[in-house]
Amino acid sequence: MQLPRDPSNVAPVLAAAFPARLADDVQGVLAVMPDAGFGPIQPFEVEMQGETVTIPSRIYNEEPGADLERRLTGTQQVILHCLYSRHSDGLVRQRHLEQLVASSEPWVVPFVVQLAGEYVLEILEAISRGLPGLARPGSPQRRLYGQFIAENPAFFARTERRVVSYWSCYYRWKYGTFGTYPGCILLEAFRAAVAEQVGTPWPRHTPPPLTDAPRWAGQP
């Protein structure tokens, strides 16, 4: 589904990707974003601390100039990075992911988890580097992602299936077993986070990992 092309209609669509309390900050970000020839497409819904947000799968806006970005507040810059992590160009997605992945803001989490279910291997590796806390039981980062997945089991299950699909389609030649694929290792880290949060093993929608698969980055 393609959403409205008219900029006056696109603004509320993009604002819906964030909690309502950020509405003014989102408007500040939208004011520096160039208009796009195509509206955002294929929105998906997730629950964020009791509030439903609707995030586009792709946007097509060119990036604003560095001078405009520097005028934004810290929160607004994170919002901008979240939106451009949904860009149609994979290099743009990766560049903005690397700026936001370490954020402790709960509303950043769905943007990162969605990227874990996409096909760019370098993005999976960037998530691994940016989330070292997933390897540490009880860490704030682990709690943050565990809480989000516990709130959104269907979204995470869909992400798992997408990871398997992209591995099979694009990377099976390089990683002959799913357990050695970086996407699988990332999913196992997410699964450990939510299992710790809820106190019970989390359902699996992928092939099981190998016992001798590579360990999560930073894991002892």
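The values are calculated or read from the model by the stated rules, or taken from the named source; none is laboratory data. Please read these numbers as outputs of a predicted model, since none were measured by experiment. Cβ: placed from backbone, ideal geometry, glycine included. Neighbour counts: every protein chain shown. Ligands, DNA and RNA are excluded from the accessible area calculation, which covers all protein heavy atoms including side chains. Shrake-Rupley method; radii C 1.70, N 1.55, O 1.52, S 1.80 Å.
Could you count how many residues in the range 180-209 are assigned to a helix (DSSP H, G or I) and more than 25 Å from Gly138 (Cα to Cα)? Show your work before the answer.
Narrowing the range 180-209 to residues assigned to a helix (DSSP H, G or I): 180, 182-198.
Now restrict to residues that are more than 25 Å from Gly138 (Cα to Cα): 180.
Matching residues across the range 180-209 total 1.
Restricting attention to the range 27-48, which residues are under 16 Å from Ser85 (Cβ atoms), touching a strand residue (DSSP E or B) at 6+ places or on another chain (Cβ under 8 Å) and either free of Cβ contacts under 8 Å to residues at least 24 places away in the same chain or open to solvent by less than 60 Å² (accessible area, probe 1.4 Å) (or both)?
Ala36, Pro40, Ile41, Pro43, Phe44, Val46
Which one is farthest from Ala23 (Cα to Cα), of the residues in the range 76-91 that are open to solvent by 50 Å² or more (accessible area, probe 1.4 Å) and either in contact (Cβ under 8 Å) with a residue 12 or more places away in the chain or in contact with a Pro (Cβ under 6 Å, 6 or more places away or on another chain) (or both)? Write out each step before concluding.
Of the range 76-91, the ones open to solvent by 50 Å² or more (accessible area, probe 1.4 Å) are 77, 88-89, 91.
Now drop any that are not either in contact (Cβ under 8 Å) with a residue 12 or more places away in the chain or in contact with a Pro (Cβ under 6 Å, 6 or more places away or on another chain) (or both), which leaves 77, 88.
On the way: Gln77: 14, Ser88: 24 Å.
Selected residue: Ser88.
Name every residue in the range 169-179 that is under 17 Å from Glu122 (Cα atoms) and in a loop (DSSP other than H, G, I, E, B), in order of residue number.
Those that are under 17 Å from Glu122 (Cα atoms) and in a loop (DSSP other than H, G, I, E, B): Arg172, Trp173, Lys174, Tyr175.
Checking the structure you have, find out if any residue of the range 58-72 is at pLDDT below 95, under 24 Å from Phe155 (Cα atoms) and crowded, with 20+ Cβ neighbours inside 10 Å.
The answer is yes, given that some residue of the range 58-72 is at pLDDT below 95, under 24 Å from Phe155 (Cα atoms) and crowded, with 20+ Cβ neighbours inside 10 Å.
What are the residues in the range 42-89 that are hydrophobic (A, V, I, L, M, F, W, C) and in contact with a His (Cβ under 7 Å, 6 or more places away or on another chain), if any? Step through it out loud before you land on a result.
Of the range 42-89, the ones hydrophobic (A, V, I, L, M, F, W, C) are 44, 46, 48, 53, 55, 59, 66, 68, 72, 78-80, 82-83.
Ile59, the sole residue that qualifies.
Where the second residue is in a helix (DSSP H, G or I) and among the aromatic types (Phe, Trp, Tyr) and the first is under 10 Å from Val78 (Cα atoms) and lies in the range 100-117, which pairs have Cβ atoms under 8 Å and are six or more apart or on separate chains?
If the second residue must be in a helix (DSSP H, G or I) and among the aromatic types (Phe, Trp, Tyr), the pairs left are Leu100/Phe111.
Return the only residue of Pro110, Pro137 being surrounded by fewer than 16 Cβ atoms within 10 Å (Cβ to Cβ) and either under 22 Å from Glu196 (Cα atoms) or within 15 Å of the chain's Cα centre (by Cα) (or both). Explain how you work it out, then say what you get.
Numbers: Pro110 fails: surrounded by fewer than 16 Cβ atoms within 10 Å (Cβ to Cβ).
Just a single option satisfies the conditions, and that option is Pro137.
For Arg158, are the conditions met, namely being touching a residue at least 60 places away in the same chain (Cβ under 8 Å), surrounded by fewer than 16 Cβ atoms within 10 Å (Cβ to Cβ) and on the phi < 0 side of the Ramachandran plot?
Details: touching a residue at least 60 places away in the same chain (Cβ under 8 Å): no; surrounded by fewer than 16 Cβ atoms within 10 Å (Cβ to Cβ): yes; on the phi < 0 side of the Ramachandran plot: yes.
Taking the combined requirement at face value, the residue does not satisfy it.
Just to be sure I understand, how many residues within the range 4-26 are open to solvent by 30 Å² or more (accessible area, probe 1.4 Å) and either in contact with a helix residue (DSSP H, G or I) (Cβ under 8 Å, 6 or more places away or on another chain) or modelled with pLDDT of 90 or more (or both)? Outline the logic, then answer.
Taking the range 4-26 first, the residues open to solvent by 30 Å² or more (accessible area, probe 1.4 Å) are 4-9, 12-13, 16, 20-21, 23-25.
Checking the rest, the ones that are also either in contact with a helix residue (DSSP H, G or I) (Cβ under 8 Å, 6 or more places away or on another chain) or modelled with pLDDT of 90 or more (or both) come to 4, 16, 20-21, 23-25.
Residues meeting the conditions: 7.
Only one of these is in contact with a Cys (Cβ under 8 Å, 6 or more places away or on another chain) and among the aliphatic types (A, V, I, L, M): Val113, Val108, Val101, Val92. Name it.
Numbers: Val113 fails: in contact with a Cys (Cβ under 8 Å, 6 or more places away or on another chain); Val101 fails: in contact with a Cys (Cβ under 8 Å, 6 or more places away or on another chain); Val92 fails: in contact with a Cys (Cβ under 8 Å, 6 or more places away or on another chain).
Selected residue: Val108, the only one of Val113, Val108, Val101, Val92 that is in contact with a Cys (Cβ under 8 Å, 6 or more places away or on another chain) and among the aliphatic types (A, V, I, L, M).
Pick from Tyr145, Tyr119: which is within 16 Å of Leu186 (Cβ to Cβ), at pLDDT 95 or above and of a type in the set (Ser, Thr, Tyr)?
Working: Tyr119 fails: at pLDDT 95 or above.
Testing whether each residue is within 16 Å of Leu186 (Cβ to Cβ), at pLDDT 95 or above and of a type in the set (Ser, Thr, Tyr) leaves just Tyr145.
From the list Ala102, Ala116, Ala126, Ala150, exactly one residue is open to solvent by 70 Å² or more (accessible area, probe 1.4 Å), in contact with a helix residue (DSSP H, G or I) (Cβ under 7 Å, 6 or more places away or on another chain) and not hydroxyl-bearing (Ser, Thr, Tyr). Which is it?
Details: Ala116 fails: open to solvent by 70 Å² or more (accessible area, probe 1.4 Å); Ala126 fails: open to solvent by 70 Å² or more (accessible area, probe 1.4 Å); Ala150 fails: open to solvent by 70 Å² or more (accessible area, probe 1.4 Å).
Only one candidate passes the filter, namely Ala102.
Just to be sure before I move on: is Val113 in contact with an Asp or Glu (Cβ under 7 Å, 6 or more places away or on another chain) and modelled with pLDDT of 95 or more in the structure I sent?
Details: in contact with an Asp or Glu (Cβ under 7 Å, 6 or more places away or on another chain): no; modelled with pLDDT of 95 or more: yes.
When the stated conditions are applied, Val113 does not pass them.
For a quick check of your reading: which helices (runs of 4 or more DSSP H) sit entirely within the range 1-94 and have at least 1 residues that are of a type in the set (Lys, Arg)?
Correct list: 66-70.
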